[in-house]
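The values are calculated or read from the model by the stated rules, or taken from the named source; none is laboratory data. No experiment lies behind these values; they were computed from the predicted model shown. Quick reminder, even Gly has a Cβ in these numbers, built from the backbone with ideal geometry, and neighbours come from all protein chains shown.
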Amino acid sequence: MNNIPFNKPYFTGKEINFISETFNNKKIAGDGDFTKKCHSFFEKKYGFKKVLLTTSCTDALEMAAILFDIKEGDEVIMPSYTFVSTANPFVLRGAKIIFCDSQECSPNMDTSSIEKLITQKTKVIIPVHYAGIACNMEEIMVLANKYNLFVVEDAAQCIDSYYKEKPIGSIGHLAAFSFHETKNIISGEGGMLVVNDPQFIERAEIIREKGTNRSQFFRGEIDKYGWVDVGSSYLPSDMIAAFLYAQCLSLDDIQKKRVEIWNSYYDQLKILEENQLLKLPYLPNFASNNGHIFYIVCKDLNERTELIKELKNNHISAVFHYLSLHKSEYYLNKHDGRDLPNTDKFTNCLLRLPLFYELDNESIKQICDVILNFYTSKK
Ligand SMILES: *Cc1c(COP(=O)(O)O)cnc(C)c1O
């Protein structure tokens, strides 16, 4: 039997040609031709007002924290069931993180419990669209408007996913995407900041270019550039953009394939959900599915540990996901002490199955059979 890894990055074949072009042009710093091509690709395809490639999603979120002028003592509301990168950029600027519990039916934040977490100090809400499945953005934006808060969407997992008819990442004031090797389209490391609120466009360019107005200079809008604000270096080399552009050209093909795999898992495993043996991903009717993660929710930690072992015995690598941030070594004693029972449930019970472009039908069936047998033998 074949070993089935959890992830296998997909290369379209064009990456190396595009990277060679940057060599030939002797242009490998940031904001070269391929960066511009990526920017207009995403702006056209998804109608994003302004896109800026960054060195990672984490860095795009750092830019957001600077753009929102986050200061010591500001409060930021986000789910606890997320990656450290949702929190760190804000913690670095002195913010206190107020964790919101997940929904009972999904790892996404329970929007109905956000309002009671808002205080005079609240500045930002960060929805994380887990597995590329949208949070209830309408409810979040109503609260943001009512209390004058900013919203940055952690859309790391969300390329090509939608909330109603709007692309994820087009609704918050800002949004951050990731092109890390584990995401749907990749550049090894990499990300992008989407700026939907025009008040942030000019400053975003400056922060990304070490606090200088070099972008305006390159466009010929000013005749010299200098230090005008705080900032850092958040722009990737054009070699990275060249890799990403190859992936962009195959985006529709990659997405079609991933969604097919996701649907195939869903169809083969839904009998187990019907018999109440496990839970499958919950897709609200306002959310599309971009095939980023296929997960199941086991009954408890023990069952999940046994199932991981059983899959491993069959040469299949399946992995759990986040350890709740409110219980992390770093944040435990900074958290306000509230219990977050749904977050804990997903920390203990959620299991991700292999999902990558080259996963074939035979392997999917092999994985599902192990899971089906595991649950039928338990009954
Ligand atoms: C992958 C991921 C990130 C981090 O992305 P990088 O590009 O590696 O910085 C942040 N948040 C979420 C929810 C992620 O899945």
- Query: Mind checking which pairs have a first residue in the range 282-307 that is under 15 Å from Val319 (Cα atoms) and a second that is among the polar types (S, T, N, Q) and in a loop (DSSP other than H, G, I, E, B), Cβ under 8 Å, 6 or more apart or different chains?
  - Reply: His292/Gln157; His292/Ser161; His292/Asn184; Ile293/Gln157
- Of the criteria (1) out of contact with any helix residue (DSSP H, G or I) (no Cβ under 8 Å at 6 or more places or on another chain); (2) within 16 Å of the ligand (Cβ to nearest atom); (3) in a loop (DSSP other than H, G, I, E, B); (4) not acidic (Asp, Glu), which one Ile240 fails: (3)
- Task: Collect the residues in the range 241-277 that are buried (at least 22 other Cβ atoms within 10 Å of the Cβ) and either at pLDDT below 95 or over 14 Å from Asn184 (Cα atoms) (or both), keeping them in residue-number order.
- Result: Ala241, Ala242, Tyr265
- Item | Residue match in the range 114-126 (condition: in contact with an Asp or Glu (Cβ under 8 Å, 6 or more places away or on another chain) and within 16 Å of the ligand (Cβ to nearest atom)) | yes
- Item | Matching entry among Asn285, Asn302 (being among the polar types (S, T, N, Q), assigned to a loop (DSSP other than H, G, I, E, B) and surrounded by fewer than 19 Cβ atoms within 10 Å (Cβ to Cβ)) | Asn285
- Message: Kindly evaluate Ile97 against the criterion of being closer than 25 Å to Leu332 by Cα, among the β-branched types (Val, Ile, Thr) and either in the same structural domain as Asp339 (by TED's automatic domain parsing) or away from the ligand (no atom under 16 Å from the Cβ) (or both).
- Response: no
- Looking at (1) out of contact with any Phe, Trp or Tyr (no Cβ under 9 Å at 6 or more places or on another chain); (2) surrounded by 15 or more Cβ atoms within 10 Å (Cβ to Cβ); (3) of a type in the set (D, E, K, R), find the lone condition where Asp238 falls short. (1)
- Of the residues in the range 67-94, those that are within 16 Å of the ligand (Cβ to nearest atom) and of a type outside the set (S, T, N, Q) number 12
- Inspect the range 132-151 for any residue being near the ligand (Cβ under 10 Å from one of its atoms) and either touching a residue at least 24 places away in the same chain (Cβ under 8 Å) or in contact with a Leu (Cβ under 9 Å, 6 or more places away or on another chain) (or both) and give the result as yes or no. yes
- Message: Looking at the structure I just gave you, is Leu61 within 16 Å of the ligand (Cβ to nearest atom), of a type outside the set (Phe, Trp, Tyr), in contact with a Ser or Thr (Cβ under 8 Å, 6 or more places away or on another chain) and farther than 30 Å from Glu115 by Cβ?
- Response: no
